[in-house]
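The values are calculated or read from the model by the stated rules, or taken from the named source; none is laboratory data. Every value quoted in this text rests on a predicted model; they were computed, and no experiment measured them. Positions of Cβ are backbone-derived with ideal geometry, glycine not excepted, and every protein chain shown enters the neighbour counts. The accessibility values were calculated without ligands, DNA or RNA, using every heavy atom of the protein model including side chains. Shrake-Rupley method; radii C 1.70, N 1.55, O 1.52, S 1.80 Å.
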There are 2 protein chains.
Amino acid sequence: MSEEKIIPYKIYLEESEMPRQWYNMRADMKNKPAPLLNKDTLKPITFEELQPVFCDELIKQELDEDTAYFDIPQEILDFYKMYRPAPLVRAYCLEKALGTPAKIYYKFEGNNTSGSHKLNSAIAQAYYAKNQGLKGVTTETGAGQWGTALSMASSYLGLDCNVYMVKCSYEQKPFRREVMRTYGASVTPSPSTTTEVGKRILEAHPGTTGSLGCAISEAIEAAGNKEGYRYVLGSVLNQVMLHQSIIGLETKAAMDKYGIDPDIIIGCAGGGSNLGGLIAPFMREKLLGNKDYRFIAVEPASCPTLTRGKYAYDYCDTGMVCPLSKMYTLGSGFIPSSSHAGGLRYHGMNSTLSQLYADGYMEATSVEQTSVFEAAQRFARVEGILPAPESSHAIKVAIDEALKCKETGEEKTILFGLTGTGYFDMFAYQRFNDGEMSDYIPTDEEIAAGLAGLPKIDL
Amino acid sequence: MSEEKIIPYKIYLEESEMPRQWYNMRADMKNKPAPLLNKDTLKPITFEELQPVFCDELIKQELDEDTAYFDIPQEILDFYKMYRPAPLVRAYCLEKALGTPAKIYYKFEGNNTSGSHKLNSAIAQAYYAKNQGLKGVTTETGAGQWGTALSMASSYLGLDCNVYMVKCSYEQKPFRREVMRTYGASVTPSPSTTTEVGKRILEAHPGTTGSLGCAISEAIEAAGNKEGYRYVLGSVLNQVMLHQSIIGLETKAAMDKYGIDPDIIIGCAGGGSNLGGLIAPFMREKLLGNKDYRFIAVEPASCPTLTRGKYAYDYCDTGMVCPLSKMYTLGSGFIPSSSHAGGLRYHGMNSTLSQLYADGYMEATSVEQTSVFEAAQRFARVEGILPAPESSHAIKVAIDEALKCKETGEEKTILFGLTGTGYFDMFAYQRFNDGEMSDYIPTDEEIAAGLAGLPKIDL
């Protein structure tokens, strides 16, 4: 047995140690996630059927459940070098403040201008679009981080970028729009009257503050209306989770370097890409039976997809123009209450994570907004980083687990994903600082109403 | 001769390689900067006279022109580990975009929640205040970065923190206030009616949007009015520049590790602390006659302290409550036009840098706002970092120098300080994006009017 190494506050991999491949969890799953279905034929969707919507290379990644490792193209590796490796931080100060014997680590993905992990997939998707000779991409954004990331990646590669931004975020975060514009993107609040589906949603729900599901529908329609454009998505899809595996691969490489092995791995869950990316290489060990880990998905109580949703085929978008995905869902018609974690306001969940959850490989829990901001403030004051509301969901549960260790005296190693910074969430912090933050938990009736809208599919 | 090493995109020092001492340029200067004077006696100010305003240990650092290296206390080193080392970045993407043979490096200080290098001195000053048993600190902030930094450091150490924020920044950056509040600080727009000097300035200049000079006066008065409080300052003073030498020391250590030697070193200059910190160990080599470097201070054309000011004794603040400092100055009554680089709107300059400039060790240049934002946008789109308006002054001149190299074919190595991020400057970027940014250069009459207010001192 070697002596325990001194763990630095922050572990940075050398450029030579950085992962050069993405990892696809599906390759090692015995129960594969159910395939995407063509919404009209109810048959597994084909490459050709997806071609009008997505870039060819990304469709291949989306449909490939056998290849475990994908080489990362050199151009993407070069872009990654601009802001990666992301540091793995030992939360010495938080541990001390909590008085816990637990060892807490977080992978911090916020040290780039997009403010989050979203850039990992944005550059990949923009690269494949550019490589296919496309002119531009359309997308949706909730909290604004994905839109910013895609704007950055598109500007870097010389692609046009049109962003549909969930209206409540657009209004709460006027400066987000300016970051995207600085990177040359156009930004439209969603639902909008620029698309047929937007008009339809506005008619059905006048005054709606929008949702990711609506914005997705609009962005898909907009891509279809323009020659040389495709739609790209910041979460939910397996291609996105593939790109995000860079988070977990770097984390595991850094931990292996110092002989650290986490007991609990925690991530916030909206569409699932950050969580899936963080846990990917650890889940591999669990899937192969090499090691056990506790994985905890944290979702907002206002949008409790895993904890109160149903595992069923559903539309990925409100306008029902997407293929059907089997996933935990609250129903594509469920419009969550306006919350400050716009990135987690999604009715569904990535299909791979859904299958893993259904098979008991992963736990899920939901937390309320005010307690999340309390955790965020506590974290900010000792760790010096102002976290995004989304990320703070993971902080909240990491603190809870560390406090349990304090009670039991266990020296567990806790890892969580700190996906981003809250610099553009100061309206939310202001509400919190002023004591005006509210919590909303959907009633059983509201949940049931959402689920009643699930498509009736008998397979 | 060894082969040229491959330079990574980002060089991070290991924890064991991080500097453990600050460096004081004055110790190696033949012509020392002129001493601070008591404004009433016109004699060099004493330790005792400064005690009501500043913490004891900081006064010692302020007055010490002989000690070259100061040990950094362990508690401060521990805090530094939370966000340092700051990366030294090779701007490969910018070089490529410019098509220059120059090699461009920047030291990026924006990867912390305060958004800038200011935290380096904030934690030091808060530490010495706490160590002296004080209850709290007062300060001013221009762009808001110093106030945020001090709020973070104070919250970490359990000190109360009262910030006077230059009114135009307070209004342009409402969310800055919320970051400070999240860290538990109180924030007052300056000039305010909470101090006598604030009331006086408001009477003389109704409708003024304030200046750093005004806010300093208010913060000093506020510290004097409260038991157990002292005033701390984010720039201008030699103590601050001492703490900021960590920037240059880390940069030089990283460059030495890879055998890189810069030809030109560029920094933006407001009060001078970031510039002085960046150049410190390089200036040492020049002062000792070991090496030559070109140092370029970049200031806004709207507040051209070095390029159009006078080297003379002046007040550091508008309210004339501070000691007198010999420095390049536009006159403490000079209120620069409202600009988006709030951190550079200061009438004076650090005394050490002033002496070095007077002695020809350093150059200075001034640039206009719109050209600065053009450079900022250009940089953001290829390097992926959204820079602060202040930092972008250095970017503008670094790009200009790199383009000169393109003309001459010279492979110069250019180093600049990227002091911070622009996440809270989106109002400014919005003006730029909308084509509504204006430039203002003071007339000769305005400069003369400011200088006419210099105290009449015959030494």
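Some notes on this structure:
- Once backbone amide H atoms are built at 1.01 Å from N, residue A:295 has A:265, A:363 as its partners under 5 Å, excluding neighbours fewer than 5 places away on the same chain.
- Estimated at 0.36 nm per residue, the fully extended path between residue B:31 and residue B:436 surpasses their Cα-Cα distance by 141.3 nm.
- Surrounding net charge for residue B:113, when Lys and Arg each add one and Asp and Glu each subtract one, Cβ distance under 13 Å: -1
- Sorted shortest first, the distances from the residue B:257 label point to those of the same residue in the other copies are 1.1 nm; each point sits 7 Å from Cα along Cα-to-Cβ.
- Inter-copy label distances at residue B:291 (7 Å, Cα→Cβ; nm, one decimal): 4.3
- Two-decimal Rg/Rh across chain A, once Rg and the Kirkwood Rh are taken from alpha-carbon atoms: 0.94
- Region A:147-171 and region B:329-351 have their alpha-carbon centroids 36 Å apart.
- Other residues with beta-carbon under 12 Å from the beta-carbon of residue B:252 carry, at +1 per Lys or Arg and -1 per Asp or Glu, a net charge of -1.
- Of all beta bridges that DSSP places with both ends in chain A, some 35 percent have antiparallel geometry.
- Cα pair count fraction exceeding 57 Å, expressed as % - the protein assembly as shown: 10
- Ordering B:181, A:378, A:230, B:84 by accessible surface, largest first, gives A:378, B:181, A:230, B:84; the 1.4 Å probe counts only protein heavy atoms, with every chain in place.
- Shape of region A:61-207, Cα gyration tensor, a/c cut at 1.5: oblate
- Solvent-accessible area of residue A:155 with every protein chain in place, 1.4 Å probe, in Å² to the nearest 10: 30
- Mean residue ellipticity, 222 nm, helices only, chain B: the sum of -39500 (n - 2.57) across DSSP H runs of n ≥ 4, divided by residue count and rounded to 500, is -12500 deg cm²/dmol.
- For residue A:146, the accessible area of its heavy atoms, probed at 1.4 Å with every protein chain present, is near 10 square angstrom.
- Candidate lysines - alpha carbon under 24 Å from residue B:291, same-chain residues fewer than 8 apart omitted: B:5, B:30, B:32, B:103, B:107, B:252, B:257, B:404, B:412
- Residue-count net charge about residue B:37 - beta-carbon cut-off 11 Å; Lys, Arg +1, Asp, Glu -1: 0
- Computed extension length for residue A:65-residue A:48: 4.4 nm, one decimal, from 0.36 nm per residue of separation with the Cα-Cα distance subtracted.
- Protection proxy ranking, peptides B:73-80, A:328-335, average beta carbon neighbours within 10 Å, highest first: A:328-335, B:73-80
- Remark on residue B:313: its backbone amide H falls under 5 Å from those of B:327, a criterion applied only to residues 5 or more positions apart or on other chains, H modelled at 1.01 Å from N.
- For region B:1-65, the set of GluC sites (Glu not before Pro) satisfying both a DSSP loop assignment and a count of at most 11 other C-beta atoms within 10 Å is given as B:3, B:4, B:14.
- Three-way shape call for region B:169-225 based on the alpha-carbon gyration tensor, with the a/c threshold at 1.5: oblate
- To put it simply, the accessible area of the protein assembly as shown at a 1.4 Å probe is 48 percent carbon and sulfur.
- Largest to smallest in accessible area, the residues A:346, A:170 fall in the order A:170, A:346 (1.4 Å probe, all protein chains included).
- Residue order by solvent-accessible surface for B:83, A:106, A:258 is A:258, B:83, A:106, largest first, with ligands and nucleic acids left out and a 1.4 Å probe.
- Copy-to-copy label separations for residue A:135, where each label sits 7 Å from Cα toward Cβ, in nm and ascending: 6.7
- Kirkwood Rh (inverse of mean 1/r, distinct Cα pairs), region A:259-398, angstrom: 15.5
- Per residue solvent-accessible surface (Å²) - region A:261-415, probe of 1.4 Å: 26
- Peptide A:419-428 has a mean of 4 when you count, residue by residue, the C-beta atoms of other protein chains within 10 Å of its C-beta.
- Between region B:260-319 and region B:365-391, the alpha-carbon center distance in angstrom: 19
- Mean separation of Cα contacts under 8 Å (6+ apart) over length of chain B, as relative contact order %: 20
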